[in-house]
Amino acid sequence: MITRRGILKSSMGVAVGTVYHGTLISFLTGCGSDNSSPEVIEVMAGGLMVVNPVMCVSCRRCEIACSWNHEGDCSPTLARVKVERNMNFGPHGVQFDYQTQHGECGDGTVVPATCRQCEVCTQVCPQQAISTNPLTGAKIIDEERCVGCGYCADKCPQQVIKVVRSKMKAVKCDLCNGNPACAQVCPTGAIKFYPWEEAEAALEQYEKYTGLVS
Amino acid sequence: MSNKIGGWAGKVLRVNLTTSSIVYEPIEQYYDYIGGMGIGYKILWDDHKDDIKATDAENIIVFSAGPLSGSGVICTGRTTITSRSPVIEKHLIADGHFGGHFSPAMKFAGFDAIAIEGKASRPVWLKIVDDKVTIEPADTLWGKGIFDTHAMIAQMMGPNAQVAAIGQAGENQVPLSVIMTQGGHSAGGHGSVMGSKNCKGIGIIGTGAVKIAASNEKMRALDDHILGIIGANNNGVVPSTPQSWAEYSAPISRWKSRPGLKWGAADQEIDLGEVPWNERNRIGFRTSMAESYIGVEYANKWMKRTGGCHSCPIRCFCELKVPELKSKYNRKSEHISNVCMGFLVPQYLMGTKNGTEAHAMAGVLGAQILDDYGIWCNYGLISHIFKFLKTNDMFKHLLPEDEYNSIPWALWDNQDPAFLIDFYRRIAFKEGEISHMADGLYDLIERWGLDGTNPALGYWDIHKESKTKVFNKKTNAAVHHASETAGQVGTLINVVFNRDAQCHSHINIVNSGLPHDMTAAIAERKWGEGAFDKVNWYTPINAAKVRFAKWSLVKNVLHDSLTLCNWMFPLLASPDKNRNYEGDSTIESQMFSLVTGIETSETELDFKAERVLHLHRALTILQMNESNMREEHDVLSDWVYDMDPDKNFGQEGTIKMDRADMQTSLDMFYEAFGWDIQTGAPTRATLDKFSLGFVADRLAARGLLPG
């Protein structure tokens, strides 16, 4: 049995391409699953972007650089990293006790959302427009195939895929072909690229801030 | 350059709350005024009505952004709010500013500005979701503090709504009131204008984009160029303490990070350590300024992180966690986000000393109360005047006996910050005579006879008292980087606007922290020999100082029009030894050219900004119905000349100015701007030069044009 926490620890030092049975998706996506689920996961090259909310200072330069890099303009909608949504009131929106919850209007902790390069979008896309970049491990969208149906956006566990109305195409994090712009411009190093073998600790830290503050 | 025009969103939203009319204007007609402040002044010029009050329905309030806001260019999260001000005699035009994320959201929704006029018949708020604009009932919001209002509007719209709102002070039309957006960003002086319109606030969700003409590569190259030049807040370019990487250091610099300075309230305590200038992924730690406000002990205990505005890597805000706010003072939150005057104003009022617990607590408690009620400080004047009157036992002559006895003076005497809870409540709800401290200062002076006419006060004259910091005798505006900042340079900057000068162009070089000789050399290369005097050791006026003052004002107006942070820009100095610590004053034009696609030089852009400044001057004259600015507007308080009686102007160790020298300074200053030397009013030739002939025509028709 491979535990949710153990899976990545046990993967350290394992070569790219190793095939696992278990819950890597559930761990990376935060989706519920049990450890006996039959998914077959292939650990790919690359890794993912993770934010440490302790360090995030809510400037949104990551959103900006992402948007510039991919679409040429500036917009939180176009950006693949999502700061604006959680910025003021935390991941669960406005609560009656907003003063004690996360967010700029709460305890000051900002919890941006990033793509975890899981398989959900690739699996739900009816156009088979989303595939894995073998060099970076990023799930990338083929805009020629994408019809903007929004299935991927709807099912994305992190809600970091958007359909851009102006072109009716879905957009998501592609790790900037291995050189993520968001991390380059972050003024505190809060958002970083983590190879899979280092991702567990980073995600564990991040996950501390995804729930409601009790 | 591509063919598309970027930057501007495309529309100005015009809302009339009396008629519920909602219309759009194309932005193109405002291109010559850049944006932001320029849009505000142009709208108020076009719709000018004589003799109206700021709180009359006919008055217009404009929330505006420039072409850079929302583009993601560094430090462009500013919003300019323009309207007549209830704080100034004759309710002259003034602008307030806040940062945060409001104007980027406005741009993403498709609007460069929102202009509100009229008065709703019942409390309302303005809801904007992209191009869907509706006037919503605000009955449930009315009476709420600003923090709850932000949350309630976001609950109705969605958590990503950016909200600008007033608190109880604005609702009650307290003249000294603010409009605030999330994160502690407030703009002073116009809260009551919104209150008078029964408008509680504006909520915006924008899902669109700000178009950018240049490529990502060019935008990133400019971003990288700026990161190599920009310093800490107010462009301090050296650390405040000696550090291994730095050739120089200076305590005045706001580059505070150093070993031993911590974000002690962060869930993982962070010791900031040295933050060398070229570590681009650590810039956000550089300006951890909490110790300046609450002392290093409490900074290390309460600082959670830095904060600030959209697209800014400098992060001048302090996000603090102070458990005592809840446990001891029964506040709803133990968190407070603010900067500078937010913390300092209640400390000035209490007269506490930095390094003490009372001082630290006064800062954080006062900031939280001020922000929730939405009270403005008039750049500290309310605190300085309160402290003087209290210290000199004058309140017993000014307040009814019952009221005087009801005020918990013992708390103030014991430096207990709980005094602020009582005091600010009286202000926000207009309780009693003392609440008039939040009137416009002209009104307060007249009401209490603070101009040497009240025998009970020993004929005390506020304009002769340096401690109360009233700098302009006619507008009663506060000292704001005035004669203490580069002598005549700061002084001239402080005579032009109708409220305190919010100009930091000069302080951003004066306080860079570089050795004086290096700063003076930069100033000399820019404006000529003698532009920058030694600190507190001034020489008579010269042409270089006048050029310095004019340049600073033009850049200030440029920034408030672009809209770019004037608390950081311009960047005349840099932390880069390889550049010989020189900055780059062309950055703004580079930003403008890349974002809009309209190739524009520094000189061309400054020319547009100067046009906006002339428009401001003309509008002031029109509103005053008076063209003699020299005698009726640009007049300094007596203490500016008469302080330090044992010293003469020009001696080492004093900032006192000289009356004759100041009149000469005004001569040269007016000439530099193309204003009539006798009156300081813009001439037709100058207005024509800046394509403001229609302004000259209107002034001429009113007999307000010189010559």
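Computed from the C-alpha gyration tensor, the three semi-axes of the ellipsoid equivalent to segment B:11-205 are 21, 21, 16 Å, from longest to shortest. Annotation: the antiparallel percentage among DSSP beta bridges lying fully within segment B:11-205 is about 75.
Sort segment B:573-658 into rounded, prolate or oblate with this rule: let a ≥ b ≥ c be the square roots of the eigenvalues of the Cα gyration tensor; rounded if a/c is under 1.5, and if a/c is not under 1.5, prolate when a/b is larger than b/c, oblate otherwise. Note, shape of segment B:573-658 comes out oblate. Computed with a 1.4 Å probe over protein heavy atoms only, the accessible area of B:Asp402 comes to about 130 Å².
The helix-only estimate of mean residue ellipticity at 222 nm for chain B, built from DSSP H runs of length n ≥ 4 each weighted as -39500 (n - 2.57), is -10500 deg cm²/dmol after division by the residue total.
When the surface is traced with a 1.4 Å probe over the full set of protein chains, B:His516 keeps roughly 60 Å² accessible.
If you wrap the tightest convex hull around every Cα atom of segment A:46-192 and split its volume per residue, you get 104 Å³.
Close amide H pairs (under 5 Å, H built 1.01 Å from N) link B:Gly188 with B:His97, residues at least 5 positions away or on another chain.
Take every pair of alpha-carbon atoms less than 8 Å apart whose residues are at least six positions apart; their mean separation over the length of segment B:287-468 yields a relative contact order of 15 percent.
For segment B:104-200, how big is Rg over Rh, using alpha carbon atoms and the Kirkwood form of Rh? Write out the running numbers ahead of the final one.
Details: Rg = 12.4 Å, Rh = 13.4 Å.
Rounded to two decimals, Rg over Rh is 0.93.
Here's the list of lysines a cross-link from B:Lys326 could span, going by alpha-carbon distance under 30 Å and ignoring same-chain residues fewer than 8 apart: A:Lys208, B:Lys144, B:Lys200, B:Lys256, B:Lys262, B:Lys301, B:Lys304, B:Lys353, B:Lys387, B:Lys390, B:Lys430.
Taking K and R as +1 and D and E as -1, what net charge do the other residues with C-beta under 11 Å from the C-beta of B:Lys390 add up to?
Working: positive: B:Lys387, B:Lys396; negative: B:Asp393, B:Asp413.
Net charge around B:Lys390: 0.
Computed log10 I(q)/I(0) for segment B:287-468 at 0.11, 0.13, 0.15, 0.16 Å⁻¹: -0.50, -0.68, -0.87, -0.97, from the Debye equation with unit scatterers placed on every C-alpha and solvent omitted. What percent does the relative contact order of segment B:242-364 come to when contacts are Cα pairs within less than 8 Å and at least six residues apart? Answer for segment B:242-364 is 20 percent.
Protein-only accessible surface at a 1.4 angstrom probe places the residues A:Ser166, B:Ser85 in the order A:Ser166, B:Ser85, largest first. Quick one: grab the alpha carbon gyration tensor of segment B:267-324, order the square roots of its eigenvalues as a ≥ b ≥ c, and give me rounded if a/c is under 1.5, else prolate or oblate depending on whether a/b is larger than b/c. Note, shape of segment B:267-324 comes out prolate.
The distance between label points at B:Glu279 and B:Lys396 comes to 5.7 nm (points 7 Å beyond Cα on the Cα→Cβ vector). Eigen-decomposition of the gyration tensor built on the alpha-carbon atoms of the protein assembly as shown gives equivalent ellipsoid semi-axes of 46, 30, 28 angstrom, largest listed first. Scanning chain B for DSSP H helices at least 27 Å long along the axis (C-alpha atoms) with a Kyte-Doolittle mean no lower than 0.0 picks out B:543-562.
Can you give the local net charge around B:Asp416? Use residues other than it whose beta-carbon is closer than 12 angstrom to its beta-carbon, Lys and Arg +1, Asp and Glu -1. Intermediate results must be reported in sequence, preceding the final value.
Values: positive: B:Lys328; negative: B:Glu357, B:Asp413, B:Asp422.
Value of the local net charge: -2.
Ranking B:Thr491, B:Thr664 by solvent-accessible area of protein heavy atoms (1.4 Å probe, all protein chains present), from largest to smallest, gives B:Thr664, B:Thr491.
Sparsely packed loop sites in segment B:374-477 (the GluC sites (Glu not before Pro) outside DSSP H, G, I, E and B with at most 16 other Cβ atoms within 10 Å) comprise B:Glu431.
Taken along the Cα-to-beta-carbon direction at a fixed 7 Å, the label points for B:Asn414 and B:Thr586 span 6.3 nm.
Within 10 Å, Cβ to Cβ, of B:Asp223, how many net charges do the neighbouring residues add up to if Lys/Arg are +1 and Asp/Glu are -1? Write down the numbers at each step before the final one.
Working: positive: A:Arg61, B:Lys218, B:Arg220, B:Arg280; negative: B:Asp224.
Net local charge, B:Asp223 excluded: +3.
Report the equivalent ellipsoid semi-axes for chain B in whole Å, largest first, defined as the square roots of five times the eigenvalues of the gyration tensor built from alpha carbon atoms.
Values: eigenvalues 205, 184, 182 Å².
The answer is 32, 30, 30 Å, longest axis first.
Going from the chain on its own to the full set of protein chains, segment A:93-120 has these residues losing 10 Å² or more of accessible surface (heavy atoms, 1.4 Å probe, no ligands, DNA or RNA): A:Gly93, A:Val94, A:Tyr98, A:Gln99, A:Thr100, A:Glu104, A:Cys105, A:Gly106, A:Asp107, A:Gly108, A:Thr109.
The protection proxy used here, the mean number of other Cβ atoms lying within 10 Å of each residue, ranks peptides B:146-159, A:145-158 as follows, highest first: B:146-159, A:145-158. Computed on segment A:46-192, with alpha-carbon pairs under 8 angstrom and 6+ residues apart, the relative contact order is 28 percent. For A:Lys169, the solvent-accessible surface with a 1.4 Å probe is about 40 Å², rounded to the nearest 10.
Over the protein assembly as shown, average the accessible area per residue using a 1.4 Å probe and give it in Å², no decimals. Intermediate values should be presented prior to the final figure.
Details: 30720 Å² over 921 residues.
Solvent-accessible surface per residue comes out at 33 Å².
Tell me, in nm to one decimal, what length is gained between B:Asp688 and B:Glu58 on full extension, where the rule is 0.36 nm per residue of separation less the Cα-Cα distance? Kindly include the intermediate steps, with their values, before the conclusion.
Details: separation 630, 0.36 × 630 = 226.80 nm, distance 2.94 nm.
Gain on stretching B:Asp688 to B:Glu58: 223.9 nm.
The values are calculated or read from the model by the stated rules, or taken from the named source; none is laboratory data. If you're wondering where the values come from, they're calculated on a predicted model, not measured in any experiment. Cβ coordinates were reconstructed from backbone atoms using ideal geometry, including for glycine residues, and neighbour counts include every protein chain displayed. Quick note on the areas: whole protein, heavy atoms, side chains included, nothing else; ligands and nucleic acids left out. Shrake-Rupley method; radii C 1.70, N 1.55, O 1.52, S 1.80 Å.
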